[in-house]
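Inspection log for the structure reproduced underneath, given as structure tokens.
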Amino acid sequence: MQSASTEGGRKQRANMFVLNMIIVYALWKVFAYYVSNSSGWAHDTWNNMIYSLGVAYSVLTSWILNVFGENTVPTGNAVLFPGFNKIIYVESHCLAIPATIIFIVSIISFKGDWFNKLWFIPMGVVLIILINLLRLIFLCYTFAHFSRPVFDINHSLVYVVVTYTLIFLMIAWWMRRFAGLKTK
């Protein structure tokens with residue numbers, strides 16, 4: 001039987017985790033709004049980075065789809081399906097930047113040896129990139145082969161839930177394995 005203080009401490013840590021993630025996400029939104037709507041060096045650098053990441057994702061997505069028999073062409077930050085006369089853009093909200101930031105801040109904010117954080121954070125970022133690449137591949141396939149409502153629900157709900165669930169599982173693994181927190 002657990003004591004009330006242990007249960008209370010667990011609830012307090014959970015509440016602090018949620019509050020921390022809300023604050024991180026809010027700060028991210030403020031930053032993204034600022035760099036997207038300002039002018040000058042920060043704006044230009046941000047837009048160039050976003051476009052370059054979009055191009056990288058569209059090239060990889062198109063290449064992998066073609067390996068699996070699709071006919072696609074990467075065009076800048078978009079994937080073109082010439083046979084279907086459809087094009088899908090990989091824009092800023094498709095790059096998993098907020099998810100990556102939430103993951104990094106989560107791992108930094110939990111207890112644990114910094115040596116482990118120094119290998120776990122890059123490994124997690126690589127996994128988030130791979131998860132996001134798979135999400136983009138499935139979204140492009142859905143966009144080309146299914147109706148717009150099917151694409152919309154997958155884009156706005158299904159793949160978002162899957163992506164964030166996988167990221168949460170990585171964070172939970174860190175909490176159990178390296179931060180000394182046992183989850184139920």
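FYI, it's all coordinate maths here, none of it is from the lab. Predicted model, so just to flag it, every value in this text is computed and none were measured. FYI the Cβ positions are ideal-geometry reconstructions off the backbone, even for glycines, and counts take in every protein chain you see.
Odds and ends about this structure:
- Percent of Cα pairs exceeding the 14 Å cut-off, where the set is region 57-101: 49 percent
- C-alpha long axis of helix 4-37 to longest principal axis of the chain, angle in °: 30 degrees
- The number of Lys pairs in the chain with C-alpha atoms less than 20 Å apart, excluding pairs fewer than 8 positions apart on the same chain, is 6.
- Entry note, the chain: the mean residue ellipticity at 222 nm calculated from DSSP H runs of n ≥ 4, each adding -39500 (n - 2.57), is -25000 deg cm²/dmol after division by the residues and rounding to the nearest 500.
- Principal semi-axes of the equivalent ellipsoid, √(5λ) from the alpha carbon gyration tensor of region 44-143, are 31, 15, 10 Å from largest down.
- Principal axis box of region 4-177, alpha-carbon based, largest edge first, Å: 63, 39, 32
- Listed peptides 24-34, 83-93, 58-68 appear in the order 58-68, 83-93, 24-34 once ranked by packing, highest mean of other Cβ atoms within 10 Å at the front.
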